[in-house]
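Single-structure report; data block below.
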Amino acid sequence: MKIRLLTPGPTPVSPEVAAAMAQPMPYHRAAAFKEVVLRSRENLKWLFQTTKGETLFLTCSGSGAMEGALVNTLSRGDTIIVVRGGKFGERWSNIAKAYGVEAVNIDVEWGKAVAVDAVKKALEQHPKAKAVCVQASETSTGVGHPVKAIADLVKGRPDTLMIVDAISALGVMPLPFDEWQIDVMVAGSQKALMLPPGLAFVALSAKAQEAMKKSDLPKFYFSFAKELASQQKGETAWTPAISLVLGLDVALAQMKAEGYEKIVARHHRLAEATRAGAKAMGLELLAPESPSDACTAIKAPNGIDGQAVVKEMRDRHGIIIAGGQDQLKGKIFRLSHMGYVDRFDILTALAASGDVLKRLGAKVDVEKGLAAAEAVFNQG
Ligand SMILES: *Cc1c(COP(=O)(O)O)cnc(C)c1O
């Protein structure tokens, strides 16, 4: 059976990236690798859309970069504001708690985006908050939060940082780091960057770099200052995941060749087709009002277990998708359209989910769904 990976991380790896990672192992202190590190720095700046900020890569999963974002900019006893509207919003809070930082949580119903007003109120009530932490794309619910509007609230506050988890958003949706005045933004290799898991990426504004000088939270492996000083010279503080960095070099070159606007437009179209297809089939989206272009959460029809959909998709069709987590377990299934994904992946996934839902007893109109998705692809 042909396996198709459509989970919101990991995502499919392009053949060119896979080939680059199969090279004989170079020494990471050799001149050739230094060039790869320096080129990745520049290309990451392009992807983050920053010329004023700094970027670096880390050998860890996305959560490591989230932890790094907090431990490098905050101090014991600080208060931060966290948008908590899903599994990954919770993660900001949990990291803060582990380090003795107080998180003021803005709890958002899973499937909804945060109201900008709620963030405004929280900032008024906690004017000393050192950061606002949010997900650009809350992968657990398929929601996109209003990053620009929140960044607009934060940018006039000299002591507050705008910290964005763009792990499933960088390379999917527009998040111009300089223009929106974001201070710390983190991403991961196994989402839109078409790489296996194991690398994380960070962008840091001048304001964030100032905050780093005052931060007293414990850090060692994740010291951004140490890592940044090394990468500015084309080195890394520790042994990096060398194969993944070689893959990154190719993935970023492929992304640059495609172009920033085209990448964003492609993801938007894939997402629109998925949403239109699911709706026309007779299904409901979990986040119809503020969907993320990274992945689509579809509600399991009444009486049908979302986990059974996931299992049948895999067993019958070789399509690996994700279910819901925690309170959404069994209630949704999630189709990803991030990274190395094309229209036929989406049409195949829609056809297969329609087939599986029918077998499980749901009333769905698969043909109508596929026609609606096709219509999106055939626009323009
Ligand atoms: C995948 C993901 C994470 C977690 O990243 P790991 O690489 O699993 O540590 C965090 N936030 C978001 C929005 C994600 O999609």
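Summary of values
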item	result
Beta bridge orientation in the chain: antiparallel %, DSSP, nearest 5	55
Heavy-atom surface of region 52-97, accessible at 1.4 Å and reported per residue (Å²)	29
Within the accessible area of region 15-258 (1.4 Å probe), percent carbon and sulfur	54
At R0 = 35 Å, FRET efficiency that the Cβ-Cβ distance of Gln379 and Ala115 yields, to 0.05	0.65
By accessible area with a 1.4 Å probe, ligands and nucleic acids excluded, highest first: order of Ile3, Ile298	Ile3, Ile298
Tilt relative to the chain, helix 116-125 - C-alpha long axis, 0 to 90 degrees, to 10	30
Cα-based helix-to-principal-axis angle, 62-71 vs the chain, degrees rounded to 10	30
Net dipole in debye of the chain [+1 Lys, Arg Cβ; -1 Asp, Glu Cβ; about Cα centre; nearest 20]	320
Taking region 15-258 and dividing mean pair separation by its residue count, relative contact order in percent (alpha carbons under 8 Å, at least six apart)	30
Helix 260-281 vs. the chain, principal-axis angle (Cα, 0 to 90°, nearest 10)	30
Per-residue HN-Hα couplings for region 32-39 [Karplus 6.51, -1.76, 1.60; θ = phi - 60°; Hz; x = Gly/Pro]	5, 6, 4, 5, 5, 5, 5, 5
Cβ-placed point charges (K, R +1; D, E -1), dipole of region 146-192 about Cα centre in debye, nearest 20	120
Probe 1.4 Å, protein heavy atoms only - accessible area per residue of region 259-377 in square angstrom	43
Candidates Met212, Met25, Met162, ranked by Gaussian network fluctuation over the chain, Cα under 10 Å, top entry	Met25
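The values are calculated or read from the model by the stated rules, or taken from the named source; none is laboratory data. This is a predicted model, so every value here is computed, not measured. Counting neighbours? That spans all protein chains shown, and the Cβs are built from the backbone with ideal geometry, glycine included. Side chains are part of the model used for accessible areas, which takes the heavy atoms of the whole protein and leaves out ligands, DNA and RNA. Shrake-Rupley method; radii C 1.70, N 1.55, O 1.52, S 1.80 Å.
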